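The values are calculated or read from the model by the stated rules, or taken from the named source; none is laboratory data. Computed from a predicted structure; not experimentally measured. Note that we place each Cβ from the backbone using ideal geometry, even for glycine, and neighbour counts take in every protein chain shown. SASA here: full protein model, heavy atoms, side chains in, ligands and nucleic acids out. Shrake-Rupley method; radii C 1.70, N 1.55, O 1.52, S 1.80 Å.
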Amino acid sequence: MVTVVGLGFVGLTTALGFAEYGHKVYGIEINETRMATIQSGKLPFLEPGLDEALKRHLGKNFFPITDWETAIAGSECVYYCVGTPYGENGQADLTYLYGAVEQTLDVIRDKKFRVLVTKSTIPPSTTEKRIIPFLEGHGVKVPEQLGVANNPEFLREGHCWEDFTHADRIVLGVSDERSEMVLRALYAEESAPIFCVSLNTGEFIKYLSNTSLACLISIANEMSLAADVIGGIDTAEAFRILHMDKRWQTGTIRSYFYPGCGYGGYCLPKDTNAFYARIKDSGFDCQILKNTIRLNDEMPEITAKRIARAAKESKGACIGILGLSFNPGSDDVRDTPSAKIIRTLNEAGYQNIVAYDPVAMAEFQTHFQLDCRCVDTYEELLKQADIVAITTAWPMFADVKTRTNSPVVDCRYML
Ligand SMILES: NC(=O)c1ccc[n+]([C@@H]2O[C@H](COP(=O)([O-])OP(=O)(O)OC[C@H]3O[C@@H](n4cnc5c(N)ncnc54)[C@H](O)[C@@H]3O)[C@@H](O)[C@H]2O)c1
């Protein structure tokens, strides 16, 4: 039996994934609205496949409950899938993680061996230098009483269920045999290769992955800016032809080596910052990573300037923003480039902005107070806009040039 703490994108996927393996899973979520939605059998966000999994397992193998004591008493593993947002100086903020671990310790009443597993993304050495001392500070003997481990998650939003059920590899950061056995048993049904590595290596692999992807995006963006200053270059065509090279043909990695208006979402921005801060703490100033972050931070302003130029710097022009989620296929607007671009335009004096997104408008309006009116339909946006900017590469926007005579700024190079 497993308890999963935090039922967001990662937690709900993990809980239902373990339920699919046949385990009994308790889910704990602090956000009452999110919990009530899940308990009623609905998803709190858009994730293909996860809705069916919830219907299959709710009340059978998956029990979202508020009673920590029942959940922890019955569980051999406790999975932490809480947020690890931006902290001071870009460092990962572990407040939610510590809070959840503390809530776990508060309800342990027996001597049963359990493994506390962090699935949240945490910088290398966090388990060893922070979580274990935190537990020891609460009088826990590690690993005699409780095991600790990490199990980083590599899923992509919009593909959570597919990525969990067809994982490429499972990474387990463990430092004692007993915990390793418990975790291997948990993943007994998994066909992907399982790698048991040191605690630090487990954490490092996750950041290695996100940093590499972010670097690819930033170098692609830098090349698109280089193409702009040289002139006479069809950037989208150049990248598509580059991708014909068989070395770029396997998997979806080429989608990261493609220009756009900067990476966003919950993971890459905060994880690159946290990793940079963590490495700097150890005395090494990573130049490539630093410039990857710097360029990404500049992309909203660069993109806003492109849009303003298309509007001939006319502050009264109606700017139509197509796409608000950070990626197509998702309604997640955390750290979405669209918000930063609209904010930059607002600050530059552009207040006449309309926006449309097929799924993310409600989320966007909840998270951001910007001078921007959401319109109900794609058609309505095209009717109102003097200039149209594609900021999220939803496939439905591919026909935009056939539907409007207004100038189109293709910030995602999708046309
Ligand atoms: N979203 C992704 O694509 C993705 C991919 C891989 C890894 N991650 C990492 O996984 C972690 C979670 O990400 P997410 O996108 O699922 O976040 P999320 O914000 O969607 O979900 C976290 C959930 O934890 C809940 N929570 C916080 N404290 C709690 C507590 N004490 N008890 C119970 N619930 C609590 C929050 O209310 C929230 O619903 C982060 O560290 C993130 O970096 C995310």
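Couplings 3J(HN,Hα) for region 7-13, derived from phi with the Karplus relation 6.51 cos²θ - 1.76 cosθ + 1.60 (θ = phi - 60°), are 10, x, 4, 6, x, 5, 5 Hz, where x marks Gly and Pro. Sequence-ordered 3J(HN,Hα) estimates for region 152-157 from the Karplus curve with 6.51, -1.76 and 1.60 and θ = phi - 60° stand at x, 10, 10, 5, 10, 4 Hz, glycine and proline given as x.
Roll a 1.4 Å probe over the protein chains and send me the accessible area per residue for the chain in Å². All intermediate terms of the calculation are to be shown ahead of the outcome.
On the way: 18550 Å² over 415 residues.
Per residue, the chain has an accessible area of 45 Å².
Between Phe368 and Glu380, full extension at 0.36 nm per residue minus the direct alpha carbon distance yields a gain of 2.2 nm.
Each residue of region 289-302 is assigned a 3J(HN,Hα), and the resulting list reads 5, 4, 6, 4, 5, 4, 4, 4, 5, 7, 4, x, 5, 4 Hz, derived from the Karplus form 6.51 cos²θ - 1.76 cosθ + 1.60 (θ = phi - 60°), x at Gly and Pro. Placing +1 on each Lys and Arg Cβ and -1 on each Asp and Glu Cβ, with no other charges, gives the chain a dipole about its Cα centre of roughly 380 debye. Qualifying trypsin sites (Lys or Arg not before Pro) in region 80-119, where qualification requires a DSSP coil assignment and no more than 11 other C-beta atoms within 10 Å, comprise Arg109, Lys111.
Under a 5 Å amide H cut-off, with hydrogens placed 1.01 Å from N, Cys374 pairs with Ala355 among residues at least 5 apart or on other chains. For Cys77, the amide hydrogen comes within under 5 Å of the amide hydrogens of Thr3, Val115, counting only partners 5 or more places away or on other chains and with H modelled in the peptide plane.
Which entries of Lys129/Lys280; Lys60/Lys111; Lys119/Lys141; Lys270/Lys315 have Cα-Cα distances beyond 24 Å here? Mind dumping the intermediate values first?
Values: Lys129/Lys280 16 Å; Lys60/Lys111 28 Å; Lys119/Lys141 21 Å; Lys270/Lys315 33 Å.
Flagged as over cut-off: Lys60/Lys111; Lys270/Lys315.
Sorting His138, His166, His243 by solvent-accessible area of protein heavy atoms yields His166, His138, His243, largest first, with a 1.4 Å probe. The largest-to-smallest principal axis extents of the Cα set in the chain are 70, 48, 40 Å. The alpha carbon centroids of region 328-405 and region 1-46 are separated by 31 Å. Rolling a 1.4 Å probe across all protein chains gives Lys290 an accessible area of roughly 80 Å².
Using a 1.4 angstrom probe with every protein chain in place, what is the largest-first accessible-area order of Thr366, Thr303?
Working: Thr366 100, Thr303 5 Å².
From most exposed to least exposed: Thr366, Thr303.
Rolled with a 1.4 Å probe across the full set of protein chains, the surface gives Asp410 an accessible area near 20 Å².
Considering only DSSP beta bridges whose two residues both sit in the chain, what percent are antiparallel, to the nearest 5? Let's see the in-between values first.
Details: 3 of 41 bridges.
In the chain, DSSP labels about 5 percent of beta bridges as antiparallel.
Accessible surface for Met223 stands near 90 Å², nearest 10, in the context of the full protein assembly shown (1.4 Å probe).
As a check on your grasp of the helix formula, calculate [θ] at 222 nm for the chain: sum -39500 (n - 2.57) over DSSP H runs of n ≥ 4, divide by the residue count, round to the nearest 500. Walk me through the numbers on the way to the answer.
Details: 16 runs with 178 residues, N = 415.
Computed mean residue ellipticity for the chain: -13000 deg cm²/dmol.
For the chain, the relative contact order works out to 12 percent when only alpha carbon pairs closer than 8 Å and six or more residues apart are counted. Cysteines in the chain lacking any other cysteine Cβ under 4.7 Å from their own Cβ: Cys77, Cys81, Cys160, Cys196, Cys215, Cys267, Cys286, Cys318, Cys372, Cys374.
Near Val197, the amide H atoms lying under 5 Å from its own belong to Leu172, Gly173, Val174; only residues 5 or more places off or on other chains count, and H is placed 1.01 Å from N.
Averaging sequence separations of C-alpha pairs under 8 Å and six or more residues apart, then dividing by the length of region 207-410, give the relative contact order as a whole percent.
Values: 305 pairs, mean separation 40.8, N = 204.
Taking the mean separation of contacting Cα pairs over the length of region 207-410, I get 20 percent.
Ranking Glu153, Glu203 from most to least accessible surface, computed with a 1.4 Å probe over the protein chains only, gives Glu153, Glu203. Working from Cα pairs under 8 Å separated by at least six residues, relative contact order for region 2-197 is 21 percent. When a 1.4 Å probe is rolled over the protein heavy atoms, the share of accessible surface on region 280-401 that falls to carbon and sulfur comes to 50 percent. Note on Cys286 and Ile230: the model spin-label points, each 7 Å out from Cα along the C-beta direction, lie 2.9 nm apart.
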